[in-house]
Amino acid sequence: GQTAASEVWRYAWPLSLTIGLVLCLFYVPLAFVLGGSNSLPPHVLWVIAATELLIAPIGVLLSNTLQAVQQVPLSQLTLWASLSLRALFMVPFFFTNSTVDVFLLVSLQATATFLGLILIAGFAHSRVNLGGRPRLILLSELKLGSSYSVMHLMAANSSEIDKIVATTAVGGHDAGIYSVTARVMGAALTPISALLLSAQPHLFQFRKKPRHETRRLLVAMGTSALIWGGISWAAMAWASPLVVLVLGPSYGEVGKFLPCLALVAGPLALRMSAGTILVAIGK
């Protein structure tokens with residue numbers, strides 16, 4: 001309920017900022033060293049770090065707070081609006097032929113992310129009491145939360161590590177093509193993510209429900225994931241020639257690889273569903 005969400009918020013945002021600050025201290029020098037001669041300037045890396053490791057996570061945390069009080073559509077709508085602001089701030093760069101200043105680009109992204117944070121905070125504050133005094137996380141809360149943290153870390157690894165390895169394995173150009181292709185497939189599976197988010201409040205009550213109700217919900221979710229995965233594969237295979245029209249001739253290779261990569265849409269949708277269900281039942 002709202003009381004539980006408010007109580008979690010009291011320790012969640014200070015903990016998030018603390019971890020974000022620690023990650024910033026590691027990320028900036030590491031990115032600068034690994035980038036070598038092609039590295040971005042340190043001041044650009046600091047802006048990226050602040051945007052992605054400090055501002056953006058608090059926005060996601062506020063969105064999750066809305067989800068915790070059964071405001072699932074609103075939580076996703078505010079998060080979508082925040083990300084849309086970032087996309088909107090990119091539009092002017094598509095109409096210029098001159099070289100884009102990287103610092104200006106990342107600064108605008110930071111501004112858009114901060115404005116999005118204010119937007120989400122306004123909606124969250126109207127439904128959850130966010131004014132409680134911050135406190136340290138208890139050991140019992142840390143133990144419970146750490147299992148979910150490990151799960152999210154593993155889930156992020158399996159979704160992103162292939163793109164990191166691709167850079168070394170096939171070079172920057174091909175890795176970029178692969179990454180864009182994977183993002184297109186990820187976008188096609190967005191309805192499955194929406195289904196899982198909508199079902200999540202009910203999933204956390206699994207252990208309190210009769211076994212036959214649980215089985216019905218699991219079968220329905222698995223079937224939906226498989227059906228949408230198949231539809232996504234067919235749609236991406238059919239629409240692959242249109243990629244050039246949407247993304248431009250520079251991304252023509254994406255259309256060639258999309259039908260192949262789209263073959264994993266069904267298994268990927270099932271994996272997403274299974275992961276969410278296992279988390280809900282405490283596994």
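When Ala110, Ala124 are checked against the criterion of being small (Gly, Ala, Ser), buried (at least 19 other Cβ atoms within 10 Å of the Cβ), closer than 19 Å to Leu197 by Cα and at pLDDT 85 or above, a single residue qualifies: Ala124.
One line per residue, one yes/no per condition, for (1) in contact (Cβ under 8 Å) with a residue 60 or more places away in the chain; (2) farther than 23 Å from Thr214 by Cβ:
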position	(1), (2)
Met236	no, yes
Leu242	no, yes
Leu258	yes, yes
Ala262	yes, yes
Ala265	yes, yes
Met272	yes, no
Ala280	yes, no
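Only one of the listed residues (Met185, Met154) is assigned to a helix (DSSP H, G or I), open to solvent by 50 Å² or more (accessible area, probe 1.4 Å) and closer than 30 Å to Leu258 by Cβ. That residue is Met154. Mind checking whether some residue in the stretch 74-85 is more than 25 Å from Ser193 (Cα to Cα) and surrounded by 13 or more Cβ atoms within 10 Å (Cβ to Cβ)? The answer is no; no qualifying residue exists. Restricting attention to the stretch 62-72, the residues that are open to solvent by 40 Å² or more (accessible area, probe 1.4 Å), in contact (Cβ under 8 Å) with a residue 24 or more places away in the chain and either of a type in the set (A, V, I, L, M) or in a helix (DSSP H, G or I) (or both) add up to 1. When the stretch 40-57 is filtered for residues that are open to solvent by 50 Å² or more (accessible area, probe 1.4 Å) and either of a type in the set (D, E, K, R) or in contact with a Ser or Thr (Cβ under 8 Å, 6 or more places away or on another chain) (or both), only Glu52 remains. Tell me, please, whether a residue that is within 29 Å of Gly131 (Cα to Cα) and in contact with a helix residue (DSSP H, G or I) (Cβ under 6 Å, 6 or more places away or on another chain) can be found in the stretch 86-94. Checking the stretch 86-94: at least one residue is within 29 Å of Gly131 (Cα to Cα) and in contact with a helix residue (DSSP H, G or I) (Cβ under 6 Å, 6 or more places away or on another chain).
The values are calculated or read from the model by the stated rules, or taken from the named source; none is laboratory data. Just so it is clear, the structure is predicted and the values come from calculations on it, not from any experiment. For neighbour counting, all protein chains shown are included, and Cβ atoms are generated from backbone atoms with ideal geometry for every residue, glycine included. The accessibility values were calculated without ligands, DNA or RNA, using every heavy atom of the protein model including side chains. Shrake-Rupley method; radii C 1.70, N 1.55, O 1.52, S 1.80 Å.
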